[in-house]
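The values are calculated or read from the model by the stated rules, or taken from the named source; none is laboratory data. This structure is a prediction, so every number in the text was calculated from the model and none was measured. So basically every Cβ, Gly included, is an ideal-geometry build from the backbone, and we count neighbours across all protein chains shown. SASA here: full protein model, heavy atoms, side chains in, ligands and nucleic acids out. Shrake-Rupley method; radii C 1.70, N 1.55, O 1.52, S 1.80 Å.
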Amino acid sequence: MKLTTLAKVATDSSLPLLLSLARSFVTPLYRAGFLTGALNSGVLQHLSATGMDLDTLADALAITEDRHLLRAWLDLGVRLGELSIDTGTYRLKSRTAKALARPKNDSVAAALEEVVRFHLPVLLNGPAMLRHGDRLSMTDQDGTVIARSSRVVSAFVEEAIERVIDPAAALRLLEIGCGSGEYIRHAATLNPRLTALAVDYQTEVAAEAAANIARWGLSDRVEVRHADVRELELEPQFDLIAMHNNIYYFPLEERTKLLEQARSLLAPGGRLLLTTSCRGGNLSMEVLNLWFEFADFGGPLPDAIELADGLRRAGFGTVDVRRLIPGEQFCAFVASSPREHIA
Ligand SMILES: C[S@@+](CC[C@H](N)C(=O)[O-])C[C@H]1O[C@@H](n2cnc3c(N)ncnc32)[C@H](O)[C@@H]1O
């Protein structure tokens, strides 16, 4: 290197900045992007069982063309430290890659995918969207990924369900925005006499819930309907209405009406169980809040006090609020209908 070049570089403050960015931001971003692609393509899952050479892996992924590009992509994963290669066989290398490939960590894998595919774009494009008057729509997210990632809080939601389910009495449940249907399965396991109507607005989510309900042998007790809950015409027949992780799919100004509708569908003495992240939680929840602020169909995460007031305004008699995760703003709201049904 020429001395003049060295002098230029030594006095150029952009070079240390670039090196610090590469270390702190760029490599972690690349790793997150690679792992997300490896997860949603099935690469991690295939390699978790056994090491594979390029052609075996390409066959497993049904990639018939341009396999040299798959090699280039895999080699980048090796460079990032997520994979290893030994005599042509690719294997999972990093602890993170191995952990994410385990089926029991599926909700965390989906949460990573949610951050990379949906949270990053709102940070990237927010101001440009505002300049062009654009908003996010439901098709800007992937309902099946979200249904899986919502399960990161499953232990806490299940505890909330356990608190409201009487294990012995016959019980009619309506679940609004059922996602995978896992919470209905939990409720049905707690109470063998429970029957349910599960509703989800997204076609592919409702289809997956129906397939899951059939696979779990619950089709005779649980009906899954693809519908917008706001358009359902039902009798007031439900002992329990559950809404998990979806109040922010409804615009703020529509929420009282929705809660009134839920109350009107309860049998006398019935209860609404609503679990949700509220404002003021961790950074991911604040980005989720931003996403829904930018959405053309939903609204911000609720403020816990305002939501409790909204439930009272919607005609519920008592409203019990419980924080489900210590130190977090993830709450369960249990609202009881008055004993006498209000038409
Ligand atoms: C974040 S997911 C949560 C899924 C599930 N409740 C859970 O906690 O795992 C929110 C779900 O609510 C559904 N949803 C949103 N608006 C709805 C509406 N108007 N009627 C019925 N379902 C709705 C979405 O389709 C989505 O599947």
**Request:** Could you tell me what percent of the accessible area of the chain is made up of carbon and sulfur, with a 1.4 Å probe and every protein chain present?
**Result:** 55 percent
**Accessible area (Å², per residue) of segment 3-101, counting only protein heavy atoms and a probe of 1.4 Å** = 63 Å²
**Item:** Reachable aspartates and glutamates from LYS2, criterion Cα separation under 20 angstrom, eight or more residues apart if same chain
**Value:** ASP12
**Request:** Run the numbers on the chain and let me know its relative contact order in percent, using alpha-carbon pairs under 8 Å that are six or more apart.
**Result:** 12 percent
**Request:** Provide Rg over Rh for the chain; use the alpha carbon set for both Rg and the Kirkwood Rh (inverse mean inverse pair distance).
**Result:** 1.06
**Prompt:** At HIS186 and PHE297, where each label point lies 7 Å from the Cα along Cα→Cβ, what is the point-to-point distance in nanometres?
**Reply:** 2.4 nm
**Request:** Set Lys and Arg Cβ to +1 and Asp and Glu Cβ to -1, take the dipole of segment 3-101 about its Cα centre, and tell me which of LEU83, MET52, THR11 lies farthest positive.
**Result:** THR11
**Request:** Before rounding to the nearest 500, sum -39500 (n - 2.57) across all DSSP H runs of length at least 4 in the chain and divide by the residue total; then give [θ] at 222 nm in deg cm²/dmol.
**Result:** -13500 deg cm²/dmol
**Complete:** Averaged per residue, the 1.4 Å probe accessible area of segment 233-343, protein heavy atoms only, in Å², is roughly 44 Å²
**Request:** With a 1.4 Å probe and all protein chains in place, put SER24, SER13, SER336, SER149 in order of accessible area, largest first.
**Result:** SER13, SER24, SER336, SER149
**Message:** Taking the full set of protein chains and a 1.4 angstrom probe, give the accessible area of MET138 in square angstrom, rounded to the nearest 10.
**Reply:** 40 Å²
**Request:** Set the Förster distance to 25 Å, then compute FRET efficiency between ALA267 and GLU223 from the Cβ-Cβ distance, nearest 0.05.
**Result:** 0.90
**Request:** Over 18 Å, how big is the tail of the calculated P(r) for segment 55-154, in percent of all Cα pairs?
**Result:** 64 percent
**Request:** With +1 on each Lys and Arg Cβ and -1 on each Asp and Glu Cβ, and nothing else charged, work out how big the dipole of segment 3-101 is about its Cα centre, in Debye to the nearest 20.
**Result:** 480 debye
**Request:** Place a +1 charge on the Cβ of each Lys and Arg in the chain and a -1 charge on the Cβ of each Asp and Glu, then give the dipole magnitude about the Cα centre in debye, rounded to the nearest 20.
**Result:** 1080 debye
**Message:** How large is the convex hull of the C-alpha atoms of segment 174-304 per residue, in Å³?
**Reply:** 120 Å³
**Asked** What order do HIS119, HIS46 take when sorted by accessible area (1.4 Å probe), most exposed first?
**Response** HIS46, HIS119
**Asked** To the nearest 10 Å², what's ASP220's accessible area with a 1.4 Å probe?
**Response** 130 Å²
**Complete:** In the neighbourhood of ALA22 defined by beta carbon distances under 14 Å, the net charge of the other residues (Lys, Arg +1; Asp, Glu -1) is +3
**Message:** Restricted to Cα positions, what overall size does segment 3-101 have along the principal axes? Three whole-Å values, descending.
**Reply:** 53, 27, 22
**Request:** Please give the FRET efficiency for ARG67 paired with ARG95, using the beta carbon to beta carbon distance and R0 = 41 Å, rounded to the nearest 0.05.
**Result:** 0.90
